[in-house]
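Colleague: Here you go, one structure.
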Amino acid sequence: MKINGVQIDDTFAEAFPMKATRIIITAMTLKWAYRAANAIRGFASSVIACGIEADIERELKPSETPDGRPGISVMIFAMSMKDLEKHVATRVGQSVMTTATTACYSGLDSEQKVSMGKSLRFFGDGFQISKVVNKRRFWRIPVMHGEFIVEETAGVTKAIGGGNFLVLAKTARHGLAACEKAVEEIQKVPGVITAFPGGVVGSGSKVGSKYKFLTASTNEAYCPTLKGQVKSELSDEIGSVLEIVIDGLDEESINEAMRLGIKAACSFGPAKGICRISAGNYGGNLGPHLFHLRKLLK
Amino acid sequence: MSALIFTLKNQPKFTLDAAPLTPENLEGKTLTQIKNLKIIYGNKTSKLDTLFTVEGTDSSQIIIENSTDKLINAGQAMTKGSLTINGDAGDFLGQGMKNGTLTVIGNTGSWTGNAMSGGRININGNAGDYVGAGLPGDAFGMSNGLINIKGNAGDRVGDRMRRGIIIIQGKSGNYCGSRIHAGTIIVLDKVGKLPGEGMRRGTIILAKKPTHLSATFKSCGNLKMQFLRLLFTQLASIDDELSLFNKYGPEAHRFSGDLARNGKGELLILQHYK
């Protein structure tokens with residue numbers, strides 16, 4: 001199968017069940033909401049070492065936020081409720097509450113919940129005030145800029161992490177141009193994020209390592225510098241491989257994001273250095289969600 | 001299915017206990033069973049159809065027609081559905097209500113929403129004293145839910161309330177929010193003497209400056225309250241009846257108190273409309 005002259009490998013991306021929450025950060029201006037959102041998604045590229053994967057989902061108009069101010073929707077994914085519980089409260093406390101004029105709300109309505117204000121309220125040192133409005137509990141924490149308002153909990157839902165595809169290009173410059181376009185397209189799909197910096201992974205990994213203390217290590221089969229040294233998946237003309245990893249709330253949204261992303265990358269074609277599209281998997285033995293490239297592009 | 005309509009045949013001379021006329025109490029009953037229900041009228045028990053004509057089938061939507069202020073305990077302990085009262089209602093409307101919607105087209109007596117723990121009460125007219133308050137001897141008044149009064153309310157609105165929201169679009173009497181433990185009271189017209197007297201926590205929002213404010217409230221100055229922005233946006237989003245909150249802004253003069261009771265409550269006097 002080829003799209004615009006780009007070879008699509010007959011393979012699949014293998015993804016895992018995760019837990020996800022969506023939080024809404026508002027501030028006096030969109031600029032300050034972005035500052036908080038960028039702080040909370042910092043060091044949240046992969047659960048391997050960061051504990052969570054997080055990214056900005058989209059900007060919100062004042063009419064879409066609980067307090068009528070401009071806002072940002074951020075999605076946070078983790079492997080377990082325990083991880084999510086730990087990281088959401090910590091990150092909202094350190095990244096959102098510390099950002100001037102912000103407030104933080106749940107962006108998901110669900111039975112399962114993680115604490116936000118429930119834990120952070122103690123920062124109010126006894127001056128915090130609880131308010132139930134429209135069946136939602138908020139905490140008003142007096143802070144030096146005025147009041148930090150945070151919803152007691154954020155809804156949690158089942159999600160999928162690890163949808164992916166690989167862009168095999170002549171050079172890193174070619175690959176990056178195609179990936180940037182692909183990420184732009186993926187961002188149009190609601191309910192998905194690309195948590196790595198800029199949405200692109202420069203150092204895709206395989207499971208395990210020759211070193212016992214490592215759970216993940218470099219994916220040598222796709223490293224251009226090791227082509228002659230290991231059993232490589234790369235042909236001669238390929239000089240750079242970049243990966244796009246997608247986390248999403250359901251299979252449909254990941255399917256759509258992968259489809260749009262791959263098509264955007266393929267639009268560059270071989271003339272602009274894009275040779276092949278592939279995907280990362282573990283033989284189908286680890287993750288229950290398989291995204292077959294050729295099937296989703298039909 | 002059409003709403004279940006109870007029409008009072010005559011204007012009652014004595015108080016009439018309307019507590020049995022709630023969706024959960026009438027659920028699954030045939031029209032004959034409903035007509036044979038016993039209802040307390042004055043100091044006697046009467047068959048329901050001697051006082052009301054009954055028509056309709058849907059017990060989740062109940063309408064009482066020709067109601068007067070003699071009709072007490074309407075919507076008592078209601079847990080679901082809707083009850084609409086065309087006319088006035090007496091004391092203890094929505095007492096112990098847990099969920100559902102109760103609407104009164106006319107006025108209501110005292111103790112509206114007493115011990116209410118959820119749901120919504122809409123009153124198109126005026127309400128008497130002790131809206132959302134606790135009975136003497138009770139530790140708390142209402143513990144959740146929303147009461148929206150389009151007209152005026154009497155004295156001691158929300159006395160000892162624990163949680164919930166009371167909105168008075170008209171005037172409120174004296175001692176509004178007295179002894180409240182928490183919750184929110186909003187008065188959009190004038191308020192009587194000494195609002196928030198003895199309050200421990202909670203918020204009383206006044207659109208107009210009170211004439212008499214206790215000396216035990218301390219000014220925190222004029223502030224832009226982020227909480228007000230959230231509250232008004234959330235209230236306005238509930239339905240069209242509350243969309244009037246879109247015109248209120250976050251600026252308020254904050255007073256904390258009641259310091260006589262080591263109170264951490266607040267009186268917020270709105271400064272500007274949007």
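What follows draws every value from the coordinates through simple rules; no lab data is involved. Source: prediction; values computed, not measured. Cβ atoms come from the backbone with ideal geometry, glycine included; neighbour counts cover every protein chain shown.
Colleague: Please list, in order along segment A:196-207, the HN-Hα scalar couplings obtained from phi with the Karplus expression 6.51 cos²θ - 1.76 cosθ + 1.60 (θ = phi - 60°), rounded to whole Hz, x for Gly and Pro.
Modeller: Per residue, the Karplus-derived 3J(HN,Hα) values read 6, x, x, x, 10, 9, x, 9, x, 10, 10, 6 Hz.
Colleague: If you don't mind, there's one more thing I want to ask. Taking amide hydrogens as modeled 1.01 Å from N in the peptide plane, which residues meet the under 5 Å criterion relative to residue A:246, leaving out close sequence neighbours?
Modeller: Residues meeting the criterion, in which the H sits 1.01 Å from N, are A:162, A:163, A:164.
Colleague: Also: Could you tell me the extents of segment B:160-274's C-alpha atoms along the three principal axes, largest first, rounded to whole Å?
Modeller: On the principal axes, segment B:160-274 reaches 38, 26, 22 Å in Cα extent.
Colleague: If you put +1 on each Lys and Arg Cβ and -1 on each Asp and Glu Cβ, how big is the dipole of segment B:110-270 around its Cα centre, in Debye rounded to 20?
Modeller: 460
Colleague: Please give the Cα centre distance for segment A:1-75 versus segment A:267-283, rounded to the nearest Å.
Modeller: If you average the Cα positions of each part, the centres end up 24 Å apart.
Colleague: Ok, one more. What are the ³J(HN,Hα) couplings of segment B:202-212, residue after residue, when phi is run through the Karplus curve with 6.51, -1.76, 1.60 and θ = phi - 60°? Round to Hz, x for glycine and proline.
Modeller: Values per residue, Gly and Pro as x: x, 10, 10, 10, 10, 7, 10, 5, x, 7, 10 Hz.
Colleague: For chain B, find the longest principal axis of its Cα atoms and tell me its angle to the long axis of helix B:226-238, 0 to 90°, nearest 10.
Modeller: For B:226-238 against chain B, the angle is about 20 degrees.
Colleague: Something else about it: Please work out the Cα center distance from segment B:1-34 to segment B:130-157, rounded to the nearest Å.
Modeller: Cα centroid of segment B:1-34 versus Cα centroid of segment B:130-157: 25 Å apart.
Colleague: Scan around residue B:104 for amide H atoms under 5 Å from its own, H built in the peptide plane at 1.01 Å from N, and keep only partners 5 or more places away or cross-chain.
Modeller: Correct list: B:85, B:122, B:123, B:124.
Colleague: Work out the FRET efficiency for residue B:32 and residue B:65 from their Cβ-Cβ distance, taking R0 = 25 Å, and round it to the nearest 0.05.
Modeller: Working: r = 20 Å, r/R0 = 0.81.
For residue B:32 and residue B:65, the calculated efficiency is 0.80.
Colleague: Which of A:166, A:96, A:195 sits closest to the plus end of the dipole of chain A, meaning its Cα is farthest towards the positive end, when Lys and Arg get +1 and Asp and Glu get -1 on the C-beta?
Modeller: A:96
Colleague: Out of B:249, B:134, B:151, any idea which swings most in a Gaussian network model of chain B, alpha carbons joined below 10 Å?
Modeller: B:249
Colleague: Here's a follow-up. If you wrap a convex hull around the C-alpha atoms of segment A:194-286 and split its volume per residue, what is the figure in Å³?
Modeller: It is 131 Å³ per residue.
Colleague: Please give the calculated 222 nm ellipticity per residue for chain A, where each DSSP H segment of at least 4 residues contributes -39500 (n - 2.57) and the sum is spread over every residue; nearest 500 deg cm²/dmol?
Modeller: Theoretical 222 nm ellipticity from helices: -6500 deg cm²/dmol.
Colleague: How big is segment A:107-146 in terms of Cα radius of gyration and Dmax, in angstroms?
Modeller: So, for segment A:107-146, Rg and Dmax equal 11.4, 34 Å respectively.
Colleague: For chain A, go through all pairs of different Cα atoms, get the mean of 1/r, take its inverse, and jot down that Kirkwood value in Å. Let's see the in-between values first.
Modeller: Details: mean 1/r = 0.0498 Å⁻¹.
One decimal place: 20.1 Å for the Kirkwood radius.
Colleague: Right, something else. To the nearest 20 debye, what charge dipole does segment B:1-110 have about its Cα centre, counting +1 at the Cβ of each Lys and Arg and -1 at the Cβ of each Asp and Glu?
Modeller: In debye, rounded to 20, segment B:1-110 gives about 320.
Colleague: Dipole of chain A, Cα-centred, from +1 at each Lys and Arg C-beta and -1 at each Asp and Glu C-beta, to the nearest 20 debye?
Modeller: The dipole of chain A has a size of about 200 debye.
Colleague: Also, quick follow-up: Under a 5 Å amide H to amide H cut-off, with H placed in plane at 1.01 Å, what residues pair with residue B:58 once short-range neighbours are removed?
Modeller: B:2, B:3, B:4
Colleague: Next question, about the same structure. In whole Hz, what ³J(HN,Hα) sequence does segment B:213-218 give by Karplus (6.51, -1.76, 1.60; θ = phi - 60°), x for Gly and Pro?
Modeller: For segment B:213-218, the Karplus curve yields 10, 4, 5, 8, 10, 10 Hz.
Colleague: Related question: Quick one: among A:143, A:167, A:114, which has the greatest mean-square fluctuation in a GNM of chain A with alpha-carbon springs under 10 angstrom?
Modeller: A:143
Colleague: D for chain B, whole µm²/s, Stokes-Einstein with Kirkwood Rh over alpha-carbon pairs at 25 °C and 0.890 mPa s: what number?
Modeller: Rounded to a whole number, D works out at 129 µm²/s.
Colleague: Check the straight Cα-Cα distances from residue B:35 and name the aspartates and glutamates below 12 Å, setting aside those fewer than 8 residues away within the same chain.
Modeller: B:49, B:55
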